[in-house]
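Student: Submitted below is the structure of interest, expressed as structure tokens.
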Amino acid sequence: MAFHAYTSNNKLSIPQRRLNGFTLLEMLVVLAVISLLSLIAIPSFDAWNERNAFKHAATGIASLAKQARMKALINKKNMFLIAQIEHNSCVLVSEENSCSCATRQSCALTESSFLSLPSRWNTELSTTNNEDKIVAFNKNGTLNFASNTTLTLSSQRFRAKLVINTLGRVKLCSVPSISGIAPC
């Protein structure tokens with residue numbers, strides 16, 4: 001049995017009942033805060049996603065160039081790095097200079113010798129004259145022509161350059177700086 005408290009002004013006080021739970025107003029405030037935080041986080045998550053996809057594409061193209069050079073040195077025969085720019089942007093390594101994105105099943109060295117560019121962020125591959133580029137590595141791992149080759153990869157926010165010099169060395173750099181890729 002509960003006893004009522006006796007107060008100084010001789011009135012009986014009724015004990016207050018405690019409720020466990022949240023009020024509707026508290027729930028609405030929490031929901032508003034979560035919505036606001038998610039609105040702030042979504043653009044930075046999208047930028048993070050784009051940066052990672054761009055970094056993957058740029059380092060993938062550099063890896064393919066290094067793979068073509070190494071295959072030329074190991075097999076003692078010409079290898080081709082083919083950058084198709086105009087249709088279905090892709091980069092692949094082949095023993096044939098006539099290989100393309102459409103015929104890659106029959107002429108690319110392996111499945112890992114092919115890279116298709118991500119299209120979500122308008123990622124584009126270009127050269128100095130904006131035409132498809134075939135880079136030929138000879139049996140010594142050097143290029144068959146007398147000048148450097150530059151491939152430029154760009155998206156909505158990022159840009160990277162892949163330079164292959166006449167000795168066959170591959171250098172990748174980016175603007176703005178992306179972790180894992182040297183700045184230009």
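Quick note: the coordinates plus some simple rules give every number you see, no bench work behind them. Treat the numbers as computed from the prediction; the structure is a model and nothing was measured. Cβ sites come from the backbone with ideal geometry, for glycine too, and all protein chains shown count toward neighbours.
Student: Which three semi-axes in whole Å describe the equivalent ellipsoid of region 50-115, each the square root of 5 times a Cα gyration tensor eigenvalue, listed largest first?
Tutor: 20, 15, 9
Student: Give the angle, between 0 and 90 degrees and rounded to the nearest 10, that separates the Cα long axis of helix 24-75 from the longest principal axis of the Cα atoms of the chain.
Tutor: So the inclination is approximately 20 degrees.
Student: Nearest 20 debye, what's the magnitude of the dipole of the chain about its Cα centre given +1 on Lys and Arg Cβ and -1 on Asp and Glu Cβ?
Tutor: Using only the charged Cβ atoms, the result is roughly 600 debye.
Student: Would you mind putting 21-30, 42-51, 70-79 in packing order, based on average other-beta-carbon counts within 10 Å, highest first?
Tutor: Ranking the peptides 21-30, 42-51, 70-79 by packing returns 70-79, 42-51, 21-30.
Student: So what's the gap between the Cα centers of region 44-107 and region 167-184, to the nearest angstrom?
Tutor: 16 Å
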